[in-house]
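A.B. asks: Structure incoming, see below.
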Amino acid sequence: MLDYLVQGLTIALSFQNLLFMLFGTVLGLVFAAIPGLTFSTALILLIPLTFGLEAVPAISVLLGVYAGGMSGGSISAILLGIPGTPSAAATVIDGYAMAKKGEAGKALGMAVYASVFGGIFSLLVLMLVAPQLASVAIKFGPPEIFALVVFGLSTIVSLSGTDIVKGLLAGLFGLLLCTVGLDPVMGLQRYTFGQAGLMVGIGIMPVMIGMFALPEIIDTFLRAKKNQGLKQEEPKRDKVKAAFPSFKEMGKTFFLLIKSAAIGTGLGAIPGTGGPVASFLAYDQAKRTNPLSGTGTIEGVGAPESANNGVTGGALIPLLTLGIPGDSATAIMLGAFLIHGLAPGPLLFQNYGDLVYAIFISILIIYIMVLVIQFYGIRLFVKVLDFPKVNLMVVILAVSVIGAFAINLNFSDVIIMFFSGVLGYLMKRFDFPVTPLILALVLGYSIEDNFRKSLVFSGGSLDIFIKKPVSLVFLTLAMIILVAPFLRPWLEKRFRLKKKALS
Amino acid sequence: MKHNRIIAVILLIFIGWWAYLTTQLPETTMPGEPGPKFFPAVILGLMAVFSVLLFFTKDKKDTAMVKTDETDDTDDAEDAEKEVEKKEEVFPIFSALKLFAVFFVGIVLVYFLGFNIGMIFGLTVMLWMIGWRLFPRAILFSAAVTLAVYFLFDWLLKIPLPKGSLF
């Protein structure tokens, strides 16, 4: 391990890597600070730029966007009362209240401190847990991998929001898209319609670029058209300066931030939960610690920020060790890993241990960068809030075409990107969640491949999935996750009736 | 007719067509192996079930938040989440599809005439459609962005861009 650590340190501290980390972190902070832009879009914007890079700088620049993006959402949450990212929604409650009381600087300082605290906490957990988990996962055969992927897919239920039927339909459609191309066992063509471009299947990256970037671009254009000629009065925010929390405040919030970071890391490690859930659960902890939360307290700002940054390290645990992405950002990163010839999973730790540790060290450096940039560059980010989004979207649109084309130098990927964009827009419009489709597309090929290989080994008997304890556990968990939302209303109703009868 | 019902019917038609394509796939020759038809058939079956469920699901309407006595602390957190959530602006779907159509024409031009001409055309028309003046603002901005992106990727990063099949 020490060897890997030293080698990782050498790779991570190279000038090129530091430069790209800095670039990614600034970009993530900027995109997260502007409401309406997501850091998923920033990740997509950067994918084609990473084609010419070595694996570690390429992953580091994306990790910079991810960590910077998680942290930067608090800027507009505090200054404008609009969360820059969904994960910063809970920060609005106390952050904006503090800003209205004239304590914006204090709130921004607390948000930066808590973000870095949560991020580094989750990194330590990642460094401790991931290698152990990888050493267990390396013994998995096709039945275990199949069960694990089914478990990963079952999180579609939690990614579906309030409309589970639509989420499941989106996920199933994603699985269906995976069947296009060559059959994984027999090697014959399925649903290719005679198109050579479809023989390799439907690429993950063109679909992700289309589904995440195009709907956002079109909506920004339409919003600009609607607001044309309207001059909105912007409040003067030029004199805002972040104020770092005092030692007394740090001591007062220390255990709350640990608890929140643990919530974030734990939930981040479960695919499908993510930042928004973690930050609201942590905010609930802040309310218990300080009953005044909601009126503008540092606890109400620190807890959600520590939790949503805790998610970053947590989400990397299943991604790096099992190859299962938990949200859209980690799904994009999985695509980037694959582009650079690195397949996340247990073998990553065995074959590329130095690179894995370089990634760990890079995350630590990124969080130090977040601290310095967000703290001292707050005036720049305040100005960024007023940047015209349409101009940025024009750039993203042009880069999206390049991003889709350049992966395989195949024009059919551009067409796939376009139609994915239209589909993504319609899905968004009719309340179909997009992330289940992406998750299914990422995991679908593996699920069919491992299911069929397992049956070849067992001679067609499904018992193989029950006889293996690991596979049985994962399949049972998946079943519980899938059935729970359908049973919940019924159980709640029963509980309420029972309580009523007792009272 | 409600949205959910229309979508469910479209999905069922699509499932029927895809199921027909699935029946055209060959059978497996390996013992114990379910073959190339099995996985798509399972997915289509599940999709059909959920499409029928969707058909009978009511369209989402804005419902008032009702607080009950039974709410616990987690519910408080959820309530806070709902309070902070801002309703997203909804634009006419036809306007969006018009922009998509122009972008598609741009992509077709990229295929035939190359990245620069296709993108400048697509971006200019899209910007003009959202109210930018065609000349000089929309044309110059589109050209500047396209050329900057072209130089960055093609010249600096050496990533080949579509040159156009006619050239």
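A.B. asks: With the cut-off at 1.5 for a/c, could you classify chain A from its C-alpha gyration tensor as rounded, prolate or oblate?
C.D. replies: rounded
A.B. asks: List, in order, the whole-Hz ³J(HN,Hα) value for each residue of segment A:450-459 obtained from phi through the Karplus relation with A = 6.51, B = -1.76, C = 1.60 and θ = phi - 60°; use x for Gly and Pro.
C.D. replies: Along segment A:450-459, the couplings run 6, 5, 5, 5, 4, 5, 5, 5, 8, x Hz.
A.B. asks: What is the local net charge at A:P346, summed over the other residues whose Cβ is closer than 12 Å to its Cβ (Lys, Arg +1; Asp, Glu -1)?
C.D. replies: 0
A.B. asks: Then there's this: Please list, in order along segment B:127-143, the HN-Hα scalar couplings obtained from phi with the Karplus expression 6.51 cos²θ - 1.76 cosθ + 1.60 (θ = phi - 60°), rounded to whole Hz, x for Gly and Pro.
C.D. replies: After applying 6.51 cos²θ - 1.76 cosθ + 1.60, I find 5, 5, 5, 9, x, 6, 5, 4, 10, x, 4, 5, 5, 5, 5, 4, 5 Hz.
A.B. asks: Search the structure for amide H atoms under 5 Å from the amide H of A:T38, placed 1.01 Å from N in the peptide plane, and list their residues when 5 or more places away or on another chain.
C.D. replies: none
A.B. asks: Also: Are any of the pairs A:K453/B:K37; B:K2/B:K60; A:K467/B:K37; B:K58/B:K98; A:K428/B:K37 more than 19 Å apart by Cα-Cα distance, and if so, which?
C.D. replies: A:K467/B:K37; B:K58/B:K98; A:K428/B:K37
A.B. asks: Could you pull out every residue, at least 5 positions away or on a different chain, whose amide H is within less than 5 Å of the one on B:G114? Hs are placed 1.01 Å off N in the peptide plane, and Pro or chain starts have none.
C.D. replies: It is B:G164, B:S165, by chain and number.
A.B. asks: Could I ask something else about it? Just to confirm my numbers, what's the Cα centroid distance between segment A:86-158 and segment A:425-448 in Å?
C.D. replies: 22
A.B. asks: Past the 24 Å Cα-Cα mark, which pairs from A:K100/A:K287; A:K106/A:K226; A:K100/A:K389?
C.D. replies: Pairs exceeding 24 Å: A:K106/A:K226; A:K100/A:K389.
A.B. asks: Run the helix sum for chain A: -39,500 (n - 2.57) per DSSP H stretch of 4+ residues, divided by residue count, reported at 222 nm to the nearest 500 deg cm²/dmol.
C.D. replies: Using -39500 (n - 2.57) per qualifying helix, the result is -24500 deg cm²/dmol.
A.B. asks: Sticking with this one: Tally Lys and Arg at +1 and Asp and Glu at -1 over the other residues with C-beta under 13 Å from the C-beta of A:G201: what net charge comes out?
C.D. replies: Residues close to A:G201 contribute a combined charge of -3.
A.B. asks: So what is the relative contact order of chain A, in percent, for Cα pairs below 8 Å that sit 6 or more residues apart?
C.D. replies: Relative contact order of chain A: 28 percent.
A.B. asks: Tell me, what ³J(HN,Hα) does each residue in segment A:366-375 have, in order and in whole Hz, if you take phi through Karplus 6.51 cos²θ - 1.76 cosθ + 1.60 with θ = phi - 60° and put x for Gly and Pro?
C.D. replies: 4, 5, 5, 4, 4, 4, 5, 5, 5, 6
A.B. asks: Please rank A:I217, A:I481, fewest neighbouring Cβ atoms within 10 Å first, as an exposure proxy.
C.D. replies: A:I481, A:I217
A.B. asks: All other residues with a Cβ under 11 Å from the Cβ of B:A8 taken together, and with Lys, Arg as +1 and Asp, Glu as -1, what is their net charge?
C.D. replies: Here the charged neighbours net out to +3.
A.B. asks: How well do other chains shield peptide B:20-31, expressed as the mean number of their Cβ atoms within 10 Å of each residue Cβ?
C.D. replies: Taking all residues of B:20-31 together, the mean is 3.
A.B. asks: Sticking with this structure for a sec: For the residues A:S122, A:S461, A:S471, A:S362, what sequence is obtained by ranking on other C-beta atoms within 10 Å, fewest first?
C.D. replies: By the 10 Å Cβ count, ascending, the order reads A:S461, A:S471, A:S362, A:S122.
All of the numbers you see were taken from the coordinates with simple rules; none came from a lab. Here the structure is a predicted model, which is why all the values come from computation and not from measurement. Please note: Cβ atoms are built from the backbone with ideal geometry, for glycine as well, and neighbour counts cover all protein chains shown.
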